[in-house]
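The values are calculated or read from the model by the stated rules, or taken from the named source; none is laboratory data. Everything numeric in this text was worked out from a predicted model, so none of it was measured. No Cβ is skipped: glycine too gets one built from the backbone with ideal geometry, and neighbour counts run over all protein chains shown. Note: areas computed on protein heavy atoms with side chains; ligands, DNA, RNA excluded. Shrake-Rupley method; radii C 1.70, N 1.55, O 1.52, S 1.80 Å.
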Amino acid sequence: MAQPITTTRVSPRSIAREYTLLTLGSLLIAVGVYFFKFPNHFSTGGVSGIAIVLNHYVPSLSAGTIMFILNQALLIVGFIIFGRGFGLRTAYCSLLMSGVTWALEALLPLKAPLTGQPLLELIFAVTLPAIGSAILFNREASSGGTDVVAMILKRFTSLNIGVSLLCADVLITLMGCFAFGIETGLFGILGLMIKAVVVDMVLENIKIHKCFQIITSMPDPIVRFIVQELRRGATNLCGVGAYTHENKTVILTVVNRSQAVRLRNHAKAVDPACFILITNTGEIIGKGFRGTM
C-alpha cells in the first residue's frame, strides 16, 4: 500500500530568519564591491570583475549599471532554461545585491578610493564579499552572476564546473591586468587567491557544531536536559569500563556552540565523574540540521 506523502510546513519565523541572513549576505557583498572593489579596479573575477573591466572601455555606463544589467540578463536566461526550478533565493539575492550597488552609486558617488592604502582596501574588497558569499552558500543560495553560468554549463555539458569557473575568474582577472596595469592586476590576482581561502574558512566556521560523547553512570538527568532544555535529540549506548568493568551509558548528541557550553557545565554538575569527549563536526545530515547526501 502506497504511503501518503507528507509535507513539512515552514514557520514564518524560519522564513524571516532565512531571508534576514540572505539580506545580510547580499548587503555585505554589495558594500565590499562598491566601496572597495570598484574604486580600486580590483577585477577579482565574477560579474563585478567583468563590470569593472567593461566600465574602463565603456565609461558612459557605470560599473554598477553594467553589473545590474548582466545579473538581470543572467537571471532571465536562468528562468528561461530552468523554469520554476530556478532558485528563488538566488534570484532574491542577485536582485538585492545588484540593486543596492546601483543605488549606492546614485546616493554616494565615489570619485576615488576611500584611502591611499590599496592593500588595506584589497583586504576589505575580498573579505566582505567572501563572508557574504559564505553566508549565502550556507543557506543554499548565491548572488547569481557566474553561478548561473555554472548551472547552465552543468545542464548542457560535462565540463568540470569548479575548474571552469576558476578559469573564467582567472581570465577576468588577467583582463584587469591589461585594462588597469600590472600593479592593479597583481592586486586582483592576490585578491582572487585570498577570496577562495576566506570563503572556505568562513563556511567551515559557520557549519561547525559540537559532537558530544558523554560516558556517565547518571544518564537520565543529562538526557532530560538535552531533550527538554536544548531541544536536541540524543542516543544512549551501553558501555562497560575496560578497567573497572562497570556498566556505563554513552550519550551521543550534537549541539551548536552556545549549547555546548551549557551541556558541558550541566553534565559535570550532575555527574562530576563523567567522561566527556567533544569534537568539531561540519557535516550533519538529519532532522534539525542542514546537510546534503
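Scanning segment 104-121 for residues that are of a type outside the set (Lys, Arg) and loosely packed, with under 14 Cβ neighbours inside 10 Å returns Ala106, Leu107, Leu108, Pro109, Leu110, Ala112, Leu114, Thr115, Gly116, Gln117, Leu119, Leu120. Considering segment 68-85, and only residues there that are in contact (Cβ under 8 Å) with a residue 40 or more places away in the chain and surrounded by fewer than 17 Cβ atoms within 10 Å (Cβ to Cβ), the residue that is nearest to Lys195 (Cα to Cα) turns out to be Val77. At least 2 residues being of a type outside the set (Lys, Arg), surrounded by fewer than 13 Cβ atoms within 10 Å (Cβ to Cβ) and at pLDDT below 75 is the threshold, and among the helices (runs of 4 or more DSSP H) wholly inside segment 143-232 those reaching it are 161-180.
For segment 233-269, filtered to residues that are open to solvent by less than 90 Å² (accessible area, probe 1.4 Å), β-branched (Val, Ile, Thr) and over 18 Å from Thr279 (Cα atoms), the residue that is modelled with the highest pLDDT is Thr249.
Restricting Tyr19, Tyr34, Tyr57 to those that are open to solvent by 30 Å² or more (accessible area, probe 1.4 Å) and modelled with pLDDT of 90 or more reduces the list to Tyr57. The number of residues in segment 50-100 being within 19 Å of the chain's Cα centre (by Cα) and more than 15 Å from Tyr34 (Cβ to Cβ) comes to 10.
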